[in-house]
Each structure stands twice: as C-alpha cells, then as structure tokens.
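As structure tokens, the structure follows; a few thoughts come after it.
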Amino acid sequence: MKNTDPVNVVYRWTAHPGKLDELAAIYRDVTDAMQQNEPGAEAVQVYVSEADNALYVLDQFADANAVGFHLQTTAAAHFPQLLAVATPGPFFFLGDVPDELKQATEQMQLGAQFSIHAAGFDRRSETSA
C-alpha cells in the first residue's frame, strides 16, 4: 500500500453521564465541518448507542493526507469540546498511515490501533461489462 490509498477510521466516543445528547450535537457540527471543508473526507457515518452511552463513527478518507488534514483542522477545532463531554477511543485506523500521523494520534491519546489492508471487495466500485 502507499499513502495515496484510502484510509478508514472506526472509533468510539463514550459520553460522560448525562452528556450523550451534547456529544451527538457536537458531532453534527463535526460532520458539517468535514463535509464543507474537507474534500478528502469522502464519507462520515455517526451512530448513537444509548445502551453503550456512546457514539460510534466511521470516517472514510481519500488517503493519509486527508486524515492528516482532518486531524489538524476539524478534529483539532472540536477536540476540547469533545473531551469535555466524552472519553475518546479506541480508534482503529484501517489503511496505510505514515509514522508522523501515528505519532500525532499518540499525542492526542486516542488509543489508536493501525492495520493495513489485506483482502476484500467493494461492490459499489465494481462496474458491469
């Protein structure tokens, strides 16, 4: 894999007691900012689990550069608000992530784990002959 390959990030934010609605509201702002300002953010899906008092998120980025841009912009701008109402992690980075981005996630204390693509398919990208 190379740094121009897609990177998906799957993660959880666990809300502090009574803060799940506030966490979800902040994440609506996060997704709006990503949609408006991050062309390398190809898709974002946010799921609320009342049973877990948590948000589960799937971010799909065009490549590692798009992840880096996100961490420096939207993530950095919202991180203090998020930490005030929730605990981050774990974060699973799926794809080729360069060492400098791995180090950035360590500084953010995301409980990040990294893996590279091994196999799979995507029916959405298949074309018919």
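Scanning the stretch 1-35 for residues that are in contact (Cβ under 8 Å) with a residue 40 or more places away in the chain and farther than 17 Å from Leu82 by Cβ returns Met1, Lys2, Asn3, Thr4, Asp5, Pro6, Val7, Asn8.
Of the candidates Leu55, Leu20, Leu110, Leu82, the single residue that is at pLDDT below 95, buried (at least 17 other Cβ atoms within 10 Å of the Cβ) and over 21 Å from Thr4 (Cβ atoms) is Leu110.
For the stretch 46-65, enumerate the residues that are under 14 Å from the mean Cα position of the chain (by Cα) and assigned to a loop (DSSP other than H, G, I, E, B). Spell out the reasoning first.
Filtering the stretch 46-65 down to residues under 14 Å from the mean Cα position of the chain (by Cα) leaves 46-47, 55-65.
Ala62, Asp63, listed by residue number.
Sub-8 Å Cβ pairs linking a first residue in the stretch 52-71 that is over 17 Å from Val97 (Cβ atoms) and in contact (Cβ under 8 Å) with a residue 24 or more places away in the chain to a second residue that is assigned to a loop (DSSP other than H, G, I, E, B) and not small (Gly, Ala, Ser), at least 6 apart or interchain, are Asn53/Pro17, ordered by first then second residue.
The values are calculated or read from the model by the stated rules, or taken from the named source; none is laboratory data. This is a predicted model, so every value here is computed, not measured. Cβ atoms come from the backbone with ideal geometry, glycine included; neighbour counts cover every protein chain shown.
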